[in-house]
Amino acid sequence: MNAHSGEIDTFLSIDNLTVEYPLGGGKRVYAVTNFTAHVKRGETLGLVGESGCGKSSAARAVMQLPRPTGGKVTLDGQELTGLRGKALQAARRRFQMIFQDPIASLNPRQTIRDIVAAPLEIAGIGTREEQTRRVAEMLDLVGINSEQALERRPHEFSGGQCQRISIARALILEPDLLVCDEAVSALDVSVQAQVLNLLEKLKTELGLTMLFISHDLAVVKHVSDRVAVMYLGKLCELADAETIYRHPVHPYTRTLLSAVPEPDPDADRAVMELIPGELPSPVNPPSGCRFRTRCPYATELCAREVPQEREIAKGHIVACHHPLIN
Amino acid sequence: MGEIILDVQNQRTAFATGRGLLQAVEGVSFTLERGKTLGVVGESGSGKSVLSRSIMRLLPGTAITGPGSRVLLNGKDLTGMTEHELRRLRGPEVAIVFQDPMTSLNPVLTIGKQIAEVLVFHMGMSKRAARAKSIELLRAVGLPQPDVRVDQYPHQLSGGMRQRVAIAIAIACEPDLLIADEPTTALDVTVQAEILDLLGRMVRERNMAMILITHDMGVVAGRCDDVAVMYAGRIVEKAPVRELFGNTRMPYTAALLASIPRVTDPPHRKLDAIEGRPPDLINPPPGCPFAPRCRFASAECQQQVPALEGQGAHQYACIKPLNTGVAA
């Protein structure tokens with residue numbers, strides 16, 4: 001039944017995660033439904049999909065921001081979903097997040113020193129001098145000249161530099177898990193490359209486990225060991241990065257990959273055709289397989305039964321009645 | 001040579017700021033023929049959007065256009081035209097599609113009224129005829145149920161559908177030149193492919209010329225005849241698309257291409273990032289604007305700004321171009 005069993009030494013385990021938001025009149029937005037993924041220590045799991053697929057809701061639910069409607073999140077044996085108040089605050093040191101908009105996520109009225117020291121302040125760690133020393137170390141680690149930066153404010157820095165500062169703040173408590181939600185999406189490509197290289201370097205040096213959320217499949221491939229593809233709140237396919245890009249078997253994964261505009265004039269630009277129409281509403285998702293209204297392979301079975309997740313090769317999980325296995 | 005639709009000569013656009021004059025577009029010249037698509041690529045602040053607005057004459061009051069700048073559309077000089085004259089051209093001769101269809105469409109008018117408005121103003125159509133034509137245009141841009149959608153408001157449509165409406169408005173008066181300024185940046189990747197296909201089809205079917213402005217090398221790679229790369233307000237390289245990707249001469253273009261993550265790369269490949277950041281356009285560095293970040297730069301590069309030169313269709317602004325061993 002559980003396609004995700006077989007995995008040992010799981011560090012972050014997300015089991016049957018469900019996120020629903022209440023609307024008026026008894027309606028609900030089914031943002032994430034029964035999402036399961038297991039991440040090993042030191043591994044990066046990429047989470048991709050288009051707007052409304054639930055990737056950010058899933059990431060926030062892992063962070064307990066807010067707590068998920070259902071399911072369990074376990075980090076290194078500690079069940080986060082069961083924690084409350086002080087215990088949750090203490091556990092938060094171990095998992096931190098960076099957001100999409102690097103400028104909006106820094107308080108414009110604070111100095112860089114105070115912004116990066118905030119987690120230490122909240123956790124009650126160190127004297128003011130010790131904190132400042134630690135902030136300077138972190139800034140140097142992310143490639144910001146600490147001597148010049150400490151007393152400045154965010155508006156004096158570019159988007160790429162602000163994102164480096166956000167990374168310094170997220171890592172100052174030495175977390176085990178870093179959740180990056182579209183962390184490089186607002187950056188220009190040359191700066192994006194700098195920040196991606198930095199994240200890769202830090203991951204190796206600090207032994208971080210990462211959950212990397214992005215709509216950009218090429219970016220996700222660059223940082224991920226394994227990749228999960230989501231559509232309308234459900235997992236479609238999960239496999240190691242090489243496999244999912246080379247041998248995608250879920251029709252949605254294949255469509256998504258075929259639509260990536262490659263910077264090569266001779267690349268094949270034929271996008272796998274979807275059934276014309278719009279993304280269904282997560283308030284009223286289709287019965288059975290949620291992708292079936294756009295899927296060219298859909299049959300009556302897809303409308304009737306929710307496809308179960310199955311492991312078609314070691315570590316390659318797909319939820320589809322008609323996977324594209326040659 | 002085909003019929004020249006657009007001839008931009010030495011376009012210079014600056015903005016007065018508190019710190020001094022910001023030179024957003026500096027000496028840009030190019031021509032565009034009917035039926036051709038020119039891709040304009042650049043990062044934030046490279047001047048690509050200011051260039052598109054300079055061509056459309058849609059600049060704010062703080063903008064200062066250089067005295068020698070000229071924009072000829074079908075041979076007519078837009079530079080000295082009054083707002084009244086320009087309004088007569090926008091629509092029938094040149095039209096623009098913006099990045100965010102939610103802010104470019106009017107939220108309190110039905111989409112049918114917004115298309116019909118153009119047809120009544122420019123083509124002198126009756127309201128009834130304009131409505132019929134609006135439905136036809138919505139069908140042409142692939143909007144499902146056009147006879148129902150025509151009476152809906154922008155908020156009732158998805159982002160992709162709104163961009164289709166914006167395209168319908170832009171092509172309503174059969175312009176000779178269509179400017180698409182980051183038309184798919186706000187859209188998901190599968191929708192992006194559909195909208196780019198649609199734009200390409202409209203340009204072919206109606207034999208228009210198009211300027212496709214984007215930050216994404218992947219978008220221009222498959223969908224343009226020629227590509228101009230902008231950096232710090234200037235075109236630094238311009239070539240037919242295969243030539244640009246296959247025989248890159250300007251180090252900035254090469255560095256930009258190398259910094260792009262690709263789905264075909266193996267996982268965890270280290271990207272060749274460009275160190276540093278684009279120059280301050282109020283106090284630009286001396287000489288080549290890319291020199292401070294260029295790994296091939298020498299003292300010579302900082303002496304004067306290199307002109308955009310080259311043999312035939314491939315032009316580049318660099319005194320130390322790459323691939324010099326290869327015959328152009």
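For chain A, excluding the exposed loop sites themselves (GluC sites (Glu not before Pro), DSSP loop, at most 14 other Cβ atoms within 10 Å), the longest remaining stretch covers A:8-150.
For a straight C-alpha distance cut-off of 18 angstrom, the aspartates and glutamates reachable from B:Lys76 (same-chain residues fewer than eight places away being disregarded) are B:Glu3, B:Asp7, B:Glu33, B:Glu85, B:Glu93, B:Glu174, B:Asp176. Percentage of Cα-Cα pair distances in the range B:1-99 greater than 16 Å, rounded to whole percent? Result: 58 percent of Cα pairs exceed 16 Å. Computed on the range B:76-185, the Cα convex hull volume stands at 103 Å³ per residue. In the range A:244-284, comparing the full protein assembly with the chain on its own, the residues that lose 40 Å² or more of accessible surface at a 1.4 Å probe are A:Ala259, A:Pro261, A:Glu262, A:Pro263, A:Pro265, A:Arg269, A:Glu278. If you take the Cα centroid of the range B:1-52 and the Cα centroid of the range B:127-164, the two points sit 32 Å apart. With all protein chains kept in place, the per residue accessible area of the range A:10-318 amounts to 41 square angstrom at a probe of 1.4 angstrom.
Summing charges over neighbours of A:Val191, with a neighbour being any other residue whose Cβ is under 11 Å away from its Cβ, gives -1 when K and R count +1 and D and E count -1. Tell me the carbon and sulfur percent of the accessible area for the range A:10-318, rounded to whole percent, probe radius 1.4 Å. For the range A:10-318, the apolar C and S fraction of the accessible surface comes to 49 percent.
Which value, in square angstrom to the nearest 100, describes the accessible area buried between chains A and B on both sides, using a 1.4 angstrom probe? Protein heavy atoms only, the A-B interface buries about 3500 Å². Note on the protein assembly as shown: Kirkwood hydrodynamic radius from all Cα pairs is 26.8 Å, rounded to one decimal.
Couplings for the range B:263-269, taken from phi via the Karplus curve 6.51 cos²θ - 1.76 cosθ + 1.60 with θ = phi - 60°, read 5, 8, 6, x, x, 6, 5 Hz in order; Gly and Pro are left as x.
Our compactness index for the range B:239-328, the C-alpha radius of gyration over the empirical 2.2 N^0.38 Å, is 1.19. Shown here for the range A:232-326: trypsin sites (Lys or Arg not before Pro) in loop regions (DSSP other than H, G, I, E, B) with at most 12 other Cβ atoms within 10 Å, namely A:Lys314. Across q = 0.10, 0.12, 0.14, 0.22 Å⁻¹, the range A:237-326 modelled as identical point scatterers on its alpha-carbon atoms has Debye log10 I(q)/I(0) values of -0.29, -0.41, -0.55, -1.17, in the order of the q list.
3J(HN,Hα) along the range B:78-83: 7, 4, x, 6, 7, 4 Hz, from the Karplus curve 6.51 cos²θ - 1.76 cosθ + 1.60 with θ = phi - 60°, whole Hz, x for Gly and Pro. For chain A, the membrane-span-like helix rule (DSSP H, alpha carbon extent of at least 15 Å along the helix axis, mean Kyte-Doolittle at least -0.5) picks out A:112-123, A:159-171, A:189-206; this says nothing about an actual membrane. Over 20 Å between Cα atoms, which of A:Lys203/A:Lys234; A:Lys55/A:Lys234; A:Lys221/B:Lys238 qualify? The pairs that break the limit, which is 20 Å between Cα atoms, are A:Lys203/A:Lys234; A:Lys221/B:Lys238.
Spatially, the range A:144-176 and the range A:250-306 are offset by 40 Å when compared through their Cα centroids. The calculated FRET efficiency for the pair A:Glu151 and A:Ala91, based on their C-beta separation and a Förster distance of 22 Å, comes to about 0.10. Would you please state the base-10 log of I(q)/I(0) at q = 0.13 1/Å for chain A, with intensities from the Debye formula using one equal scatterer on every alpha carbon? Cα-only, vacuum Debye calculation for chain A: -0.99. Using only alpha carbons, the range A:136-252 has a radius of gyration to Kirkwood radius ratio (Rg to Rh) of 1.03. Calculated on the alpha-carbon coordinates, the convex hull of chain B measures out at 156 cubic angstrom per residue.
The values are calculated or read from the model by the stated rules, or taken from the named source; none is laboratory data. Source: prediction; values computed, not measured. Cβ sites come from the backbone with ideal geometry, for glycine too, and all protein chains shown count toward neighbours. Quick note on the areas: whole protein, heavy atoms, side chains included, nothing else; ligands and nucleic acids left out. Shrake-Rupley method; radii C 1.70, N 1.55, O 1.52, S 1.80 Å.
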